[in-house]
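S.K.: Here it is: the structure, laid out below.
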Amino acid sequence: MVFVRKHLAECGSTNTEALAHLRDGGGPLLLSAARQTAGRGRLGRAWQSDDSALTFSVALPLPAELDLSGLSLAVGCSVADVLDPAGQRIRLKWPNDLFLDGAKLGGILIEAVPLPAQLRGVVIGIGINLLPLPPEADRSAFASGHAALQALDPAATAQATLDRLAPALQGLLADFRTLGFGPWQLAFSRRDLAAGQRVRVGERTGIARGVSTRGELLLDTDAGMAIVSAGELSLRLETSP
């Protein structure tokens, strides 16, 4: 599996462009953009990006029957291992966020579209903050804080970071296609931001006890252990404002 790489100076959303590419019969693609004017995150949240962040999407056709459970967690593990190989500073918050030193560094958005011949087009959108916020920025807009990759790697640029991530993600997707999430369960547990903490997921609260072999959140509630799939749920640490 070889990805064609394409870079745009500006687009609405790399995920939107990548989904259209797959609908038109295109093959594996890694699409980056210097600026997004209509980017989006989970739960329909809109956001824009510029050269202060790295934004890109990986697109590929996969068998329709392939279980994508846990894919966002496996992608997060792969990204974190490249950027923080010592495993000391980047943590993962279920189901799709990367945190650096306790503040949000980036996020992952996975979307899919049905294709002919029993295939499904899968697009993985990734956004990573590169630069710190300017002094005049309204920090109240960042409920989970704002972390920049240059705090970890002062020389980090969008191109250099993408060059490091691309081969790792290509290998991850080849492995996930045959192995599913299971092999990444332990890797996620080592970076699990919420492990052992009281959290809220939708209307439920409990102690986060890691994830299953399918990437589902294990939530220890007063009524017993609940298994929560990612879907459209959002996890907030009870200690967060």
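The values are calculated or read from the model by the stated rules, or taken from the named source; none is laboratory data. Note that the structure is predicted; figures quoted are calculated from it, not measured. When we count neighbours, we look across all protein chains shown, and the Cβ atoms used for this are built from the backbone with ideal geometry, even at glycine.
S.K.: Being modelled with pLDDT of 95 or more and farther than 22 Å from Leu100 by Cα is the filter here, so list the residues in region 179-203 that pass it.
M.R.: Those that are modelled with pLDDT of 95 or more and farther than 22 Å from Leu100 by Cα: Leu179, Gly180, Phe181, Gly182, Pro183.
Here's the yes/no breakdown for (1) in a helix (DSSP H, G or I); (2) in the same structural domain as Asp97 (by TED's automatic domain parsing); (3) without any contact (Cβ under 8 Å) to a residue 24 or more places away in the chain:
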| site | (1), (2), (3) |
| --- | --- |
| Asp153 | no, yes, no |
| Ala160 | yes, yes, yes |
| Leu169 | yes, yes, no |
| Leu172 | yes, yes, no |
| Arg177 | yes, yes, no |
| Leu186 | yes, yes, yes |
| Ala208 | no, no, no |
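S.K.: If you take the residues in region 113-130 that are surrounded by fewer than 16 Cβ atoms within 10 Å (Cβ to Cβ) and in contact with a strand residue (DSSP E or B) (Cβ under 9 Å, 6 or more places away or on another chain), which one is nearest to Gly87 (Cα to Cα)?
M.R.: Pro114
S.K.: Scan region 156-203 for residues that are of a type outside the set (D, E, K, R), closer than 18 Å to Ile124 by Cα, touching a Leu at 6+ places or on another chain (Cβ under 7 Å) and surrounded by fewer than 18 Cβ atoms within 10 Å (Cβ to Cβ) and report the count.
M.R.: Looking only at that region, the number is 1.
S.K.: Run Pro183 past the list (1) touching an Asp or Glu at 6+ places or on another chain (Cβ under 8 Å); (2) farther than 22 Å from Pro63 by Cα; (3) of a type outside the set (Gly, Ala, Ser) and report the number of the one that doesn't hold.
M.R.: (2)
S.K.: Does region 119-133 include one or more residues that are among the aliphatic types (A, V, I, L, M), closer than 22 Å to Gln36 by Cα, touching a His at 6+ places or on another chain (Cβ under 6 Å) and part of a loop (DSSP other than H, G, I, E, B)?
M.R.: Taking region 119-133 first, the residues among the aliphatic types (A, V, I, L, M) are 119, 122-124, 126, 128, 130-131, 133.
Those still in the list that are closer than 22 Å to Gln36 by Cα too: 122-124, 126, 128, 130-131, 133.
Next, from what is left, pick out any that are touching a His at 6+ places or on another chain (Cβ under 6 Å): 133.
Imposing the further condition that a residue be part of a loop (DSSP other than H, G, I, E, B) reduces the set to 133.
Taking every residue of region 119-133 in turn, at least one turns out to be among the aliphatic types (A, V, I, L, M), closer than 22 Å to Gln36 by Cα, touching a His at 6+ places or on another chain (Cβ under 6 Å) and part of a loop (DSSP other than H, G, I, E, B).
Each row is one residue, and each column tells you yes or no for (1) buried (at least 18 other Cβ atoms within 10 Å of the Cβ); (2) modelled with pLDDT under 95.
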| residue | (1), (2) |
| --- | --- |
| Arg5 | no, no |
| Ala18 | yes, no |
| Leu43 | no, yes |
| Ala53 | yes, yes |
| Val58 | yes, no |
| Pro63 | no, no |
| Ser78 | yes, no |
| Asp84 | yes, no |
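S.K.: Let me ask something else about it. Would you call Ser144 closer than 20 Å to Arg236 by Cα, assigned by TED's automatic domain parsing to the domain that holds Thr178 and not in a strand (DSSP E or B)?
M.R.: Values: closer than 20 Å to Arg236 by Cα: yes; assigned by TED's automatic domain parsing to the domain that holds Thr178: yes; not in a strand (DSSP E or B): yes.
Taking the combined requirement at face value, the residue satisfies it.
S.K.: Just the residues that are modelled with pLDDT of 95 or more and basic (Lys, Arg), please, taken from region 214-241.
M.R.: Across region 214-241, the qualifying residue is only Arg214.
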